[in-house]
Amino acid sequence: MNGLSRTMAIITEEFPAENISGMWATVITGLVVVFIILALLIGVLYLLGLFGKAMNNSAKKKNAKNAEKAVDLTPAPKAAPAVIPVEDTAADEDDEELIAVISAAIAAYAAADGTQYVIKKIKRTDRTTRSDWGNVGVRENTRPF
Amino acid sequence: MEVIDVFLNTISSIIRDSGFLSMSWEQAAMIVLSFLLMYLAIVRKFEPLLLLPIAFGMMLTNIPGADLFHPDMFMGAEAVANGVDYSEVLHHGGLLDVLYIGVKTQIFPPLIFLGIGCMTDFGPLIANPRSLLLGAAAQVGIFVTFLGACLLSLTGIDVIDFTFKEAASIGIIGGADGPTAIFLTTRLAPQLMGSIAVAAYSYMALVPIIQPPIMRALTTKKERSVVMGQLRTVTKREKIIFPIAVTVVVALIIPDAAPLVGMLMLGNLFRESGVVDRLVKTAQNELMNIITIMLGVVVGATATAQYFLTIKTIIIVILGLLAFCMGTAGGVLFGKLMYKLSGGKINPLIGSAGVSAVPMAARVSQTVAAKENPSNFLLMHAMGPNVAGVIGSAVAAGVLNNIFG
């Protein structure tokens, strides 16, 4: 930015009155260039998303294979596990990450409790209302106003 | 008797050299204005991290005889014609003259961006790339204000006869991004630095007051009530590639935007890589705080009575407000377009967050939406356009720098 490698400015007139068309050109060029660059970035992000999905799928397949191997090697559980109905998602059956998080939370609870649980169903109760924890989160994030 | 003479001469010399006798009314007015800004920063919490050092710098620079800052070294006719004589600055400059080199050479704003990059989560933007369009739409404020300043100049009235470079620097206030405004103004119109910095940071603090009426006026209750779907999870790999990809794309197309975007993305790469925790902590804490202190004080110091107490400052304050309003309106109107095109899945309120002001503008979107439906949680959706606005305003600054720099 020290001027050593810079080319001349595109508009060299000092005052808008000397170059009225330059004034309009700046507005149009500026907006168009900003939109084009950010639109290009959208394309980059979509490619990134596709790349991420592809990598995730291959990782999932690898994990599934490993899990199959692990199941073959694990002995059957001794005690009959307790059954706990968990209320959460119905529409997002494919949201495996959410299920994994819920399962992990129950497993952590179970480890402390000493009881084994089997998750039979995950069902969302109501999408329009927020839990108390959710409301606290919203309040925390918007407190300055 | 000799002792008494020396004593009286010394006292009279101190009185003669004191600032009280040599102070002009303009300097006194600037000092009073600095007190007002300090009040706004301390009591009203208006962007105190920057407004407080700016206000104090303004006070210091207007104390006659202190010689902390010599604006003519950087903005005088000779400096403009032949460039700044840094040897003169280092040999005869005051404390603030030496610190101002960091602003003049455009080092401080990119370093601030480094810290901002370390603190910014681009996840919501990566999860919803269309947010970038809202970040672009909100930059309308920059160009509309540029146009406004140019049109004022066309009236031929002397006191509002802005040059192209000054109009571009005034327009960048609409980017709602302090470091970007300082970055561009340093290059194009350093004589307006004080006015533009004060206007930019004051309006950024007023975002929660300026934006909601515009957002409500441009949207219907139905649009404001839209509950947006959950954002997808973004992988760590995507977050790592994102800053590299953005830097390559933006810097290759607009090299003038590279210092700001490059540093922003370097900071973000530090954060997302997870392997340089020490650097992240330094960049977002110690480094950023040190630069903030120096930047704030010297930017305030540029607000000398000679350059600040002009009709142009009043016009800049008015145009700055126009810039914020137009940026907000541009974002919301584009949000409405996306609402229509998406079949009502996008809440247009997230568009207003496209003016940078991170995370204040996103919080405003959340607050306005929550007034219609308290269970509507728009914050993360609004963070996408909000961080896109940072990139958008840096790109806009790069374009203006390219055209007029």
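In table form, for the structure just shown:
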read-out: Around B:Thr292: net Lys/Arg minus Asp/Glu count, Cβ-Cβ under 13 Å; value: -2
read-out: On Cα atoms only, tilt of B:379-404 relative to the major axis of chain B in degrees; value: 50 degrees
read-out: Shape of the stretch B:236-300, Cα gyration tensor, a/c cut at 1.5; value: oblate
read-out: Modelled FRET efficiency - R0 56 Å, B:Leu95 with A:Ile28, Cβ distances, 0.05 increments; value: 0.80
read-out: Equivalent ellipsoid, chain B (semi-axes from 5 times Cα gyration tensor eigenvalues, Å); value: 41, 23, 20
read-out: Top positive-direction residue, dipole computed over the stretch B:282-405 with Cβ charges, set B:Leu400, B:Val317, B:Leu349; value: B:Leu349
read-out: Value of [θ]222 nm, deg cm²/dmol, for chain B, DSSP H segments ≥ 4, -39500 (n - 2.57) each, nearest 500; value: -22500 deg cm²/dmol
read-out: Summed side-chain charge close to B:Met204 - residues other than B:Met204 whose Cβ falls under 11 Å, Lys, Arg +1, Asp, Glu -1; value: -2
read-out: Vicinal HN-Hα couplings computed from phi for the stretch B:103-115 (Karplus, 6.51 cos²θ - 1.76 cosθ + 1.60; Hz; Gly/Pro x); value: 7, 4, 8, 6, 8, 5, x, x, 5, 5, 4, 4, x
read-out: Options B:Leu133, B:Met75, B:Pro109, ranked by Cα towards positive dipole end of chain B, top entry (Cβ charges); value: B:Leu133
read-out: Separation between Cα centres of the stretch B:152-170 and the stretch B:192-230, rounded to whole Å; value: 26 Å
read-out: About the Cα centre, charge dipole magnitude for the stretch B:108-404 (Lys/Arg +1, Asp/Glu -1 at Cβ), debye; value: 960 debye
read-out: C-alpha long axis of helix B:236-253 to longest principal axis of chain B, angle in °; value: 60 degrees
read-out: Average beta-carbon neighbours from other chains, 10 Å sphere, peptide A:19-32; value: 5
read-out: The protein assembly as shown - convex hull of the alpha-carbon atoms, volume per residue in Å³; value: 202 Å³
read-out: Student exercise, the protein assembly as shown dipole from Lys, Arg, Asp, Glu Cβ charges, in Debye to nearest 20; value: 2740 debye
read-out: Highest-first arrangement of B:88-95, B:264-271, where packing means the average Cβ count within 10 Å; value: B:264-271, B:88-95
read-out: Under Karplus coefficients 6.51, -1.76 and 1.60, residue-wise ³J(HN,Hα) of the stretch B:354-361 in Hz, glycine/proline x; value: x, 6, 3, 6, 7, x, 4, 5
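FYI, it's all coordinate maths here, none of it is from the lab. It should be emphasised that the depicted structure is a prediction, and the values quoted were computed from it without experimental measurement. A quick note on method: Cβ atoms are made from the backbone with ideal geometry, for glycine too, and the neighbour counts reach across all protein chains shown.
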